[in-house]
Amino acid sequence: TCRIDMHTCRIDTDMRYGRRDTPSSHQATGAQPGPGAPPGPSPQRPSAPSFTKKALVVGVGSYPHSPLRNPPNDANDIHTALQRLNFTSTLMVDCDTASFATGLRRWYDTLEKGDAALFFFAGHGCEYKNDNWLLSKDGIPPDERDLPRVAINVREVVSEMREAGAFLNVVLLDCCRI
């Protein structure tokens, strides 16, 4: 089973603005404020900023030379769990490089300032020149120098998410490294 708890986002947001997620001790116990406290009800804590939760979930298993059975199932499970948590989630399964890149661009275009953005990938990954790359069903090219043309650079994914101005960016990678 997959369980994702977005309540943590609200706690982190409250702490970022210098507030706590728990009421003050006199509110929690019902006790009256101590001497020197201003009369009347205690001020209301401002609510956490609202945000839209958007996810792109990718699972690739149909590789020509080293197929994987679980990534498409994992992606479907994550996608379903995120939808239950009110994410607007886009699912891509067994996509080729062009579809993967197009799907990413379309998803980036939906991200807005203040959103919570989550990217999940399950499938093959590799490292080349100190960067991590996500492989589509097209697999690894014969010459690793062609990798930037046929794979997705994780650094670019993170960079695009940051540029969108989301207040929370989460990248989850479940990769078999080649």
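Some points to look at:
- Evaluation of F100 against the conditions (1) closer than 23 Å to A166 by Cα; (2) surrounded by fewer than 19 Cβ atoms within 10 Å (Cβ to Cβ); (3) touching a Ser or Thr at 6+ places or on another chain (Cβ under 6 Å) shows that the sole unmet condition is (2).
- Within the range 69-93, residues that are over 14 Å from G103 (Cβ atoms) and modelled with pLDDT of 95 or more reach partners that are of a type in the set (F, W, Y) and surrounded by 16 or more Cβ atoms within 10 Å (Cβ to Cβ) with beta carbons closer than 7 Å, at six or more positions or on different chains, in the pairs I78/F120.
- Extreme residue, farthest from K113 (Cα to Cα), among residues of the range 140-165 that are of a type in the set (G, A, S) and in contact with a Phe, Trp or Tyr (Cβ under 8 Å, 6 or more places away or on another chain): A151
- Residue match in the range 112-119 (condition: assigned to a helix (DSSP H, G or I) and surrounded by fewer than 18 Cβ atoms within 10 Å (Cβ to Cβ)): no
- Among (1) surrounded by fewer than 20 Cβ atoms within 10 Å (Cβ to Cβ); (2) assigned to a strand (DSSP E or B) - the single one S89 does not satisfy: (1)
- Candidates are the residues of the range 152-167 that are buried (at least 18 other Cβ atoms within 10 Å of the Cβ) and modelled with pLDDT under 95; the one that is nearest to F87 (Cα to Cα) is A166.
- Members of the range 120-139 that are in contact (Cβ under 8 Å) with a residue 60 or more places away in the chain, open to solvent by 10 Å² or more (accessible area, probe 1.4 Å) and not in a loop (DSSP other than H, G, I, E, B): F120, H124
The values are calculated or read from the model by the stated rules, or taken from the named source; none is laboratory data. Predicted model, so just to flag it, every value in this text is computed and none were measured. No Cβ is skipped: glycine too gets one built from the backbone with ideal geometry, and neighbour counts run over all protein chains shown. We work out accessible area using only protein heavy atoms, side chains counted, and drop any ligands, DNA or RNA first. Shrake-Rupley method; radii C 1.70, N 1.55, O 1.52, S 1.80 Å.
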